[in-house]
C-alpha cells in the first residue's frame with residue numbers, strides 16, 4: 001500500500017496526514033533559497049464561540065507564510081476533542097477544502113514552520129499534540145529554546161516522558177502538559193523559570209486557548225478581537241487578513257487565557273521590564289504592514305534607509321532595492337538623498353518552493369530565476385544598491401554581477417543593517433560563524449569580494465535611532481555578539497536528532 005492519505009483516529013479524535021512513501025520528510029525544493037536569514041515560525045490562535053474558525057486560522061496563516069515554508073498545521077476543537085491536520089509543504093499545499101471541513105470547532109491554533117531546532121520532517125510539523133495529567137493539549141511555537149537538550153533529559157528522567165519527535169517544541173509541550181500548577185498561569189510561570197531562550201506560544205486544550213510570550217519578549221505576539229471572540233498571532237498583518245481588530249501586543253512574560261468565561265491576562269513578576277525582541281523583526285522578518293513595538297515595520301525600514309544615507313552618503317544617479325524586502329529601505333535612502341528611486345530589478349514572485357527538482361542547468365541559472373535586471377534602467381548609470389542584510393554574500397555577488405552586466409557605470413552597495421558578525425540563538429537560522437562573511441572579512445575585503453565600487457553598513461546606533469528606542473531594548477546579538485542571556489558560541493539545530501539520522 002502506498003501513496004498519501006489522511007487517517008482519522010476515532011479513539012483520540014485527532015487527524016494526522018501520513019505519507020506511506022516517506023517523502024513527507026523531505027521539504028520542497030526552495031528556489032528562493034539564498035543567503036538571507038531564514039525566518040522563525042508563524043503562529044495563530046482563534047477562540048470565537050458560535051463560529052467554525054479553521055477557515056479564519058487558515059487565512060491568518062496565509063499572512064504569515066513568509067515566516068516559514070517547511071510545514072503547516074491547524075488543530076481545532078468543538079469543546080470535546082482536539083483534531084489536527086499537519087503536513088510538510090506550503091499552506092496552500094497542506095490544506096484543501098475537505099481538510100478544513102474536517103476541522104470543525106470554535107477553537108483553533110495554527111502554525112507555519114521553518115525549523116530552527118529539529119529536522120525538517122513530518123513528525124516535527126506543528127501544532128504538536130501531547131497528553132498529560134491536565135488532558136490533551138496542542139502546541140505551536142515560534143522561537144528557539146537553547147536549553148532544550150538538558151530539559152529533555154530531565155523530563156525523561158523525572159517525569160518518565162517518552163519523546164518521539166526531535167524539536168524543542170516537544171519539550172515545551174510536555175512541560176505544559178505535565179508541569180505542576182493550579183491553573184495555566186502557574187503552569188506558565190513554572191515553564192518560564194525553566195525554559196531559556198525564545199518562545200512565543202499558542203496552546204489549546206479542548207476548551208481553552210492559551211498564549212504565552214517569553215520573559216525577554218524575543219519573538220512578537222499580538223492580540224486582537226474577532227466575531228465576539230479573540231485571536232492571537234505572530235504579526236498584526238495576520239489580524240488584518242481576517243478582519244480582526246488589533247488590541248495590543250503581548251508584554252514580555254505575559255500569559256493570556258481565553259475560554260467561555262472571557263479573557264484573563266497576567267505578566268510573570270520576574271519578567272524583564274524592557275523587551276529584547278529580535279531587531280531583525282523590524283529589519284526583515286515581519287511583513288512591512290505589521291506593527292512591532294508600536295511601530296509600523298514599513299516606517300521603521302524607511303527610517304533605516306534615511307539613517308543609512310546620513311551615515312554613508314554617495315553621489316549617484318539611481319537608488320534601487322533588492323526586491324522585495326529591501327524596497328522600503330531603498331525608498332528611505334532615496335528620499336533622504338534626493339537621488340531618484342527606481343525599480344531596476346524585478347523579482348519573479350511566483351518562483352518559490354516546488355516539489356519538482358531543478359536540473360543542473362536550472363541550478364546554474366541560480367539567482368536569475370528569481371531576479372531580472374532591466375538593462376535600459378541600469379545602463380550607464382551610477383547605481384546605489386540598497387540591501388537589508390548580507391549574510392554569506394552569495395546572492396549579493398550574483399545580483400551585482402547582473403547589474404554590472406546590464407551596463408552600470410558604478411555600483412555602490414549600502415546595507416540598511418549593521419554587519420552580521422555573530423550567529424543567532426533565538427529562532428533564526430542564519431549561518432555558522434565560518435559562513436558569516438562579516439565575521440571573517442573586513443568591509444574593504446567584502447567590497448572586493450562582492451565586486452562593488454563601495455560598500456557601507458548602517459551602524460548599531462543608526463539602527464537604534466531608526467527603530468526609535470533610547471534604552472537597550474531589542475536583541476542585537478548578531479551585530480554585537482552580546483545577547484540578552486548567556487549563550488554558547490554556536491548551536492546545532494539537529495542536536496535532538498538521533499545519531500546517524
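Each value in this text was obtained by applying a stated rule to the coordinates, not by laboratory testing. Note that the coordinates shown come from a computational prediction; the quantities given were computed from them, not determined experimentally. Quick reminder, even Gly has a Cβ in these numbers, built from the backbone with ideal geometry, and neighbours come from all protein chains shown.
Evaluated on segment 296-472, the Kirkwood hydrodynamic radius is 16.8 Å, with distances taken between all distinct Cα atoms. Averaged over residues, the count of other Cβ atoms within 10 Å places the peptides 204-213, 154-163, 370-379 in the sequence 204-213, 370-379, 154-163, highest first.
Sorted fewest first by neighbouring Cβ atoms within 10 angstrom, 433, 175 come out as 433, 175. Residue order for 284, 483, fewest other beta carbons within 10 angstrom first, comes to 483, 284.
Residues 394, 442 in ascending order of nearby Cβ atoms (within 10 Å, fewest first): 442, 394.
Go through 223-229, 323-329 and give me the packing order, highest mean Cβ count within 10 Å leading. Let's see the in-between values first.
Details: 223-229: 18.4, 323-329: 22.0.
Ranking the peptides 223-229, 323-329 by packing returns 323-329, 223-229.
Highest mean packing comes first when the peptides 140-146, 400-406 are listed by Cβ atoms within 10 Å, giving 140-146, 400-406. Only Cα sites of segment 199-358 enter the Debye sum here, all with the same form factor; the resulting log10 I(q)/I(0) across q = 0.15, 0.16, 0.18 1/Å is -0.90, -0.96, -1.06, listed in q order.
How big is D for segment 392-456, in µm² s⁻¹ as a whole number, if Stokes-Einstein is applied with the Kirkwood radius of its Cα pairs at 4 °C and 1.567 mPa s?
Details: Rh = 12.8 Å.
In µm²/s, the coefficient rounds to 102.
Within segment 127-203, the percentage of alpha carbon pairs spaced more than 16 angstrom apart rounds to 43%.
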